[in-house]
Every structure is written in structure tokens, then in C-alpha cells.
1. Hey, what did chain B get for relative contact order, percent, Cα under 8 Å, at least 6 apart?
2. Calculated FRET efficiency, residue A:65 and residue B:279, Cβ-Cβ r, R0 30 Å, to nearest 0.05?
3. What pairs from A:113/A:141; A:112/B:213; B:201/B:548; A:80/A:151 go past 22 Å between their alpha carbons?
4. Using only helices, what value at 222 nm comes out for chain B when you add -39,500 (n - 2.57) per DSSP H run of length 4 or more and divide by the total residues, to the nearest 500 deg cm²/dmol?
5. About the Cα centre, and with charges only on the beta carbon of Lys, Arg (+1) and Asp, Glu (-1), how big is the dipole of region A:2-74? Nearest 20 debye, please.
6. Taking Cα pairs under 8 Å and at least six residues apart, what relative contact order does region A:2-74 come out at, in percent?
7. Hey, how many Å between the Cα centroid of region B:491-547 and the Cα centroid of region B:170-195?
8. Mind jotting down the three principal axis lengths of region A:2-74 based on Cα atoms? Whole angstrom, largest first.
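What follows is calculated from the coordinates using simple rules that are stated; it is not laboratory data. All figures in this text were calculated on a predicted structure; none of them were measured in a lab. So basically every Cβ, Gly included, is an ideal-geometry build from the backbone, and we count neighbours across all protein chains shown.
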Amino acid sequence: MDLIINKKKYSVNSTPEESLLNVLRNDLDLTGTKYGCGEGSCGACTVLINDVAVRSCITKAASVEGKAITTIEGLATNDKLHPVQQAFLNVDVFQCSYCASGMVMSTVSLLKKKPEPTDEEIINGMQGNVCRCGTYPRIMKGIHEAIKIQKS
Amino acid sequence: MAKKSNESVFAPEQYELAERPSHYFTMNRRDFFGILGSGIAITFAAVNTGYGLSIEGLPENQIGAWLHIAEDGAVTIYSGKAEVGQNIRTSLAQVVAEELGVEMKKITMILGDTALTPYDRGTFGSRSTPYMGPQLRKAAASARELILDLAAAEWKVDRSLLSINDGNVTNKNTNETVNIGKIVKGKQLVQAVDDKVALKKIDDWKIAGTSVKKVNGESFVTGRHKYVSDMKLPGMLYGKILRAPAYGATLISADLSEAKKITGVVAVHDGDFVGVAAVDLSTANKALQSIKAEWKFEPQPSRKEIFDHLRKTSKADDRAEKSGDVSSAFSKAEVKIGQTFNVDYIAHVPLEPRAGVAQWEGSKLTVWAGTQRPFGVQEDLADVFQIPKQNIRVIQPDTGSGYGGKHTGEAGMEAARLAKEAGKPVKVVWTREEEFTWAYFRPAGVIDVKAGADKIGMLTSWEFHNYNSGGSGIDTPYQVKNKLIQFHPSDSPLRQGSYRGLAATANNFARESIMDDLATDLKIDPLEFRLKNLSEKRMIDVLEAAAKAFGWGTKPEKDHGFGIACGEEKGSYVAACAEIVFDRNENDVKVLRAAVAFECGGIINPNHLENQIMGSIIQGLGGALFERIDFKDGKILNPKLSAYRVPRFGDVPKLDIVMLNRKDLAPAGAGETPIIGIAPAVRNAIANATGKRLYALPLVPQGLEV
Ligand code: FES
Ligand code: FES
């Protein structure tokens with residue numbers, strides 16, 4: 001099957017049942033997208049499909065053929081970090097950072113839908129992403145920083 | 001004065017899975033400089049990592065370096081500690097940059113690699129900052145002094161005119177500056193750490209003590225960092241292990257013939273180990289499913305019976321802490337309470353499950369493992385495979401957290417067994433369900449407390465028994481003449497082990513709950529009651545700071561409640577105040593806000609410290625409110641994130657964190673203690689709002705019936 005990931009075309013040889021997460025990580029070595037639960041409950045595997053956040057662990061790779069898939073590796077352009085990545089760095093958000101990719105991707109999707117969300121909208125939008133290290137208040141701060149960067 | 005718990009008769013914590021310390025040197029001088037290039041190296045001659053190890057002299061062929069300075073001025077630090085998100089890669093570099101007088105960007109940290117770093121028992125028990133920190137400070141200061149000696153000799157000037165700043169030696173009189181790399185050029189000098197070297201005063205810190213950002217932060221927000229679970233070696237296979245269907249089940253037979261028929265599958269049956277490896281994960285899974293296994297089951301206690309079971313199987317630990325006569329003091333007490341507390345098993349749920357990659361080259365084994373104890377895993381591997389430790393290298397890349405849950409290296413061990421058979425590297429990554437089921441848990445426990453006070457609110461008797469959950473934080477910081485404190489180990493049906501804060505969470509919960517109930521019965525303000533019975537200034541300071549930040553002393557609105565608690569563990573102090581609201585229609589408790597004051601001596605990185613405190617509070621809220629492992633007949637009933645609730649964005653209260661910076665005290669660890677204050681503070685707030693006194697952790701897994 002052919003997948004369009006980060007604007008590049010990849011031909012993958014895998015069963016139609018295979019999850020997008022496994023294809024990304026194991027076949028294509030795009031390991032920025034993480035496994036955390038495999039059942040859509042943690043958000044570590046979040047990628048964008050046509051700019052919308054999707055849990056890649058419960059998405060069949062075959063179902064997103066031809067669609068625009070963006071992973072954490074595809075966010076930065078010409079060595080310039082995406083504003084959300086930059087914002088999270090500025091705020092020094094993370095501890096173990098295993099949740100970072102998913103948090104960044106979910107935030108990108110959230111801010112695409114709603115460039116200036118309220119705190120409540122942020123909480124609702126991010127409720128599916130787990131940070132076991134408990135950096136939520138920092139992530140919140142990081143999202144506000146991203147909003148600021150994107151505005152300027 | 002109250003005894004510090006790190007001197008307690010109960011230390012060291014039995015669940016720390018400690019290994020006996022030993023030395024392991026891997027390189028001789030020629031190898032060492034051969035790899036690193038010329039320059040100077042500071043090694044250890046007499047090391048004290050808190051366990052009193054030491055060696056005499058420094059044999060030529062045995063070099064374990066702390067620090068190397070290269071000809072280009074680059075500084076490399078070697079430490080066997082593991083980065084699991086506590087940001088020691090940054091904070092340890094900061095103390096070296098400070099002592100040595102170099103910029104942060106000149107420093108490279110080599111962590112958790114048994115071939116490159118000196119032996120280390122493991123990263124747990126909040127020991128990195130208080131023990132590794134000073135050791136590296138001394139190493140850096142020793143290097144500084146050596147460089148100044150060299151420069152003074154070379155320039156033939158008075159040494160006192162020289163200092164090192166931003167990586168340059170400067171002569172105060174002539175303003176001449178030369179990079180430290182130039183000074184060490186062409187040299188191959190090895191020097192031992194000078195244990196008595198003068199360290200900079202914490203008050204004069206310019207790099208340490210500031211909020212330097214996570215040094216490798218960018219590699220994480222771009223997804224570039226390779227966790228063990230992300231690794232791929234040429235020719236690598238993916239491994240899967242056959243797991244028992246229940247705790248206590250033993251393997252009778254296994255038929256691997258179908259699995260072996262699948263092309264490219266390697267299948268191993270060795271004792272009770274059964275595993276497969278294949279070129280991709282789906283083939284490995286298919287092979288695993290084709291195995292027919294027979295099991296024998298043993299009856300297992302279920303969650304319902306666990307607290308009886310722990311009490312029934314308990315033994316008295318002879319290390320009781322005893323003074324006065326508790327029973328007569330209790331019977332004479334004006335106000336008294338006797339209560340039993342139950343604490344459930346909970347899971348660490350590190351977001352990255354256990355992972356290991358193993359590769360054999362002849363009789364040499366390399367294992368990459370997400371573990372807090374790389375040297376411990378090396379010893380375990382030596383044991384299991386019956387090969388010398390020197391043939392085993394364990395490497396621990398920055399890992400997706402541990403919280404005390406990754407003292408072991410099971411996945412690395414499993415990968416190594418499969419790799420041996422396959423003759424190719426193998427990776428094993430546990431699924432979330434495997435992690436929930438077969439990683440160890442924070443121990444369940446039963447705690448009995450009997451306490452009494454006199455009319456004016458002075459404690460007169462304190463009896464405290466902990467069954468199974470552990471001895472950490474079991475002692476009381478309150479002044480009381482008659483006390484009996486005892487830990488009783490029991491038989492745990494589930495695999496249990498270390499956890500952030502260990503048993504201190506449970507012990508503080510029980511103690512601070514009883515203190516609150518006594519205060520209420522005495523009609524004394526709970527803060528005042530605590531202050532009355534405390535003498536430790538550091539504890540009093542955090543209590544007062546938290547109370548002030550919270551606005552203690554005001555009245556909560558209807559259905560709201562305020563609670564307070566404090567505790568000490570591993571040389572640091574915490575106090576927490578919490579406000580909850582009880583929703584009568586939903587029978588639900590929500591934590592609205594918390595003010596937490598924390599003091600761990602001098603602060604190395606305020607921003608990262610705040611992050612640790614915040615993370616501890618939020619993780620602590622999970623165990624306080626709803627986290628618990630449910631099990632029956634040896635099966636874990638909720639081994640999934642959709643069935644085991646962890647704190648999420650919506651659970652986070654408004655947090656007010658106060659960090660007291662005691663520059664006169666050496667920095668203590670901070671990854672654990674802040675977790676112990678929140679559960680009792682919330683519990684006491686619930687009692688304050690509703691009158692309902694709860695005696696179990698978690699408090700409200702299914703809401704609150706009033
Ligand atoms: S791994 Fe996909 S949501 Fe957890
Ligand atoms: S920083 Fe560790 S899971 Fe988020």
C-alpha cells in the first residue's frame with residue numbers, strides 16, 4: 001500500500017490489518033510516534049490525518065491510504081521547529097518526555113481547529129493524552145506559549 | 001528531637017531491591033585515553049556513595065572516571081545514574097559546570113552505561129542529588145584545582161591570581177586568558193578525586209541554582225530521541241514471551257512445533273521460559289498464539305481477601321521502635337482513636353513499558369534496557385547466563401520514566417535469551433497489559449494505629465503497625481513519649497516492589513489522618529495541633545509556608561473542605577493543604593486546589609524542581625483518589641489504561657507550589673517526598689467537608705457515599 005507521510009510517498013508491504021502505529025514504527029522507522037496502550041487511551045501515538053489528530057494504534061494503515069499523514073518527524077520545516085515544539089521547549093515542559101510527541105501533535109491539531117482556545121477547551125481537547133509524569137500544568141503553559149508564538 | 005527517617009531502624013527500605021555494591025572497572029589508562037583522547041581525567045580513589053565503599057590507591061589498569069577534559073576543552077562526565085525523566089542529565093551537568101567554571105554547552109553526560117561509567121547501585125531512593133551530586137562536584141573541583149596548578153606552573157605565576165570562568169583560565173593581573181583545553185593539551189593525566197577539595201558556596205552559585213533547560217530537550221519534542229523501545233539494529237528480530245495465564249500458574253508443558261514451522265521464527269523453551277522471535281511483530285504474535293501450553297493453577301487470594309491475607313500471613317519484624325508504655329498511656333489518654341487503614345496495590349504505569357534489545361557477539365553480550373539499575377541488570381544477566389560480568393555491557397538510553405518501577409530488566413533478559421538462540425539481535429517491548437500484569441506493584445498494606453492525647457492537645461501515646469506496605473516514613477515526626485512502631489512483612493500474592501516514595505505515602509496517610517481526627521475530636525485547629533506537637537524546625541517551616549500560601553484559617557464554603565498534612569522523607573520536607581468540593585448529586589469529590597510547600601536543602605534547578613514537585617502531586621492524586629489494581633484468582637482484572645484510571649488534564653487542581661531554598665543545607669533528592677503530602681491533605685479535606693473519615697487508599701475509587 002502507498003502512504004503519504006510528511007509529504008513523502010512510502011510504499012509499504014504489510015497486511016491490511018496492521019495498525020498505522022506499527023507500520024510507522026517498525027516498517028518505516030518513524031519512531032517519534034510512541035506506543036503507550038494500543039487501545040486509544042493514552043494519546044502517545046497521536047498523528048495527524050488531514051490535519052486532524054488521530055490515534056494511530058487503533059487506525060488501520062490501509063484505511064489512511066492516500067490521505068495526508070503527519071507525524072512528529074514532519075512538523076519542523078527547514079530545521080525550524082513548529083511553534084508548538086518551540087513553545088514546549090521554551091517552557092521546558094517535560095520530564096521523561098515519552099508523552100511529548102503525542103502532546104505536541106494533539107496541540108497542533110487543537111490549535112488548527114481553534115487558534116485561541118479557552119483553558120476549558122484545552123482540557124477537553126487534551127483529555128485523551130496521558131502524561132504519567134504529571135506535567136499537565138506545564139503543558140497548559142506550553143500551549144499558551146504556542147498560542148502567543150503563533151499570533152506573532 | 002524527632003529521628004530522621006533516613007536514620008530509622010527500618011532503613012534501608014526492604015523493597016528497594018538493593019544489590020550488594022561491588023566495583024567494576026573496565027578500562028586501563030591506555031584504552032581510556034585511546035578512546036577519549038588526551039587530556040586529564042578525574043577518577044575515584046575513595047568513593048562514598050552513601051554506602052561507605054572505598055578502595056585504596058588507584059591501580060594503573062583500573063580506572064573508573066568521573067570526569068574527562070579533552071584538548072578542545074570539552075568536558076565529559078561519567079555517571080552510572082539513569083535518566084528517567086527526573087532531569088539529572090541537566091542538574092548533574094549544572095553542578096559540574098558550576099564547580100569547574102565551564103559553560104553548560106561544553107559538557108557531555110555519559111549516563112547508565114556499564115562499560116563507560118563507574119559502578120552505581122541504581123537510580124532510586126532520591127540518592128542522585130545528595131550522593132552523586134556532591135561526588136561530581138568534588139570531581140569537578142578537583143579538576144579545577146589540577147588545571148590551576150598546571151597553569152600556574154606553566155605560566156610561572158602565583159596560583160592565587162588564577163581562576164577559571166567560562167572554560168578559560170584567567171590571570172587576574174594580566175587579564176591573560178587561555179582555554180582549559182590548551183592547558184591539558186598533550187597530557188594524559190589521571191588524578192583521584194580529592195575528597196577534601198574546597199567546593200563553591202551554594203550562595204555563590206551562578207549556573208547551578210538556576211533554571212537551565214533540559215539539555216537534550218529538542219531531541220524529545222522532535223521525536224528524534226531513541227528510547228529502547230524505538231531501537232532497531234541491523235537484522236534485529238522482534239520477540240514475544242509466553243506469559244502465564246495467572247499469578248501462581250506453573251507451566252506443565254508447551255508445544256512449540258507449530259511456531260517453529262513458521263518461516264523465520266525462532267522459538268525457545270528453556271525451563272519455564274517460552275518465547276519466540278520473528279522478523280516482524282505480527283509474525284512473532286502469530287507464532288506465540290500457535291503455542292499450546294498447559295498450566296497448573298494454584299488458588300490465589302483475590303483483592304477482596306487481600307487485607308485479611310496480609311494480616312494473617314504477617315510476621316513481626318524485630319526492628320520495632322519502642323519507648324515508654326503505649327498501652328497504659330493509651331488507656332489513660334483523654335482523647336483516643338484506634339483505626340485500621342487499607343492500602344491497595346497500585347501500578348507505576350510508566351508511559352514507556354519495559355523494553356530491551358540484546359545482541360551477542362561471540363560470548364559478549366550487549367543489552368540496551370529501560371531500567372533504573374543498569375549495573376543491577378548486568379549482574380542479573382551474569383547470573384542468568386552464567387558468564388562473567390565483564391562480558392556484559394548494559395546501556396540505558398534516557399528512558400520513558402520509572403517512578404521506582406524499573407529496578408529490573410526483564411525485557412532485556414528475555415531479549416538476550418531469544419537473541420542467543422537466534423544468533424541475531426532481538427528486541428522485546430512489553431505491551432501495556434504485560435506491564436500492568438507482570439511488572440511489580442506498589443505493595444498493598446494494612447495499617448493499625450492507636451493514638452491518644454491529653455486535654456490540652458499533647459500526644460501521649462502512639463502505636464503504629466504496618467503490615468506489608470513497608471517501613472519508609474513509618475516513624476512519626478511528632479513528639480511523643482510512649483510509642484511503639486512496627487513493620488510486619490507479609491506474603492504478597494502479587495509481585496511487589498519499589499515505588500516513588502515507597503511506603504512513606506501509606507504511612508504518612510495513616511499518620512496524618514489520625515492526627516487530623518484527633519485535632520477534630522479535641523476541637524483544636526489541625527494546623528495548630530500539629531505545630532504543638534512538632535519540634536523539627538524544617539517541618540514547621542513547610543507547614544507554615546503551605547498554610548500561608550493556601551490561606552489557612554478561613555472557612556470553606558458549604559460542601560467544600562480544607563485539609564492539611566505534612567511529612568518528611570529522605571531528608572526533605574513537605575506540607576500540603578488542599579481544598580475539595582463534594583458534589584452531592586454525583587457523589588463525587590473534586591480536588592479544587594492545593595498549596596504545597598517543599599524544602600530539600602539548597603535548590604540546584606528551580607524550574608526542574610518545581611516540575612518534580614508538580615508531577616509528584618499529580619501522580620499522588622491518582623493513588624489518593626482512584627488508582628487501584630483489581631485482581632481475582634491470580635488474574636489482574638484491570639490491566640488496561642481504559643480500566644485503570646490515571647490522572648488526566650481534567651483532574652489537575654490549581655496548584656500553588658512554594659519552594660523553600662535552604663542554601664545552608666546540602667541539596668537532597670526531590671523526586672519522591674512531594675508525593676506523600678497530598679493524599680492525607682485530600683482525605684482530611686473530605687472529612688472537613690462531609691464529616692466522613694476515610695481509612696483507605698484510594699479514597700474514592702467509586703465516588704463518595706455520605
Ligand atoms: S498507544 Fe495509541 S492511544 Fe495509547
Ligand atoms: S513527561 Fe513523562 S509521560 Fe509526560
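1. Relative CO of chain B lands at 15 percent.
2. E(calc), rounded to 0.05, equals 0.80.
3. A:112/B:213; B:201/B:548
4. Rounded to the nearest 500, the figure is -8000 deg cm²/dmol.
5. So the dipole magnitude of region A:2-74 works out to roughly 180 debye.
6. 41 percent
7. So the separation of the two Cα centres works out to 51 Å.
8. Over region A:2-74, Cα extents along the principal axes are 28, 25, 20 Å.
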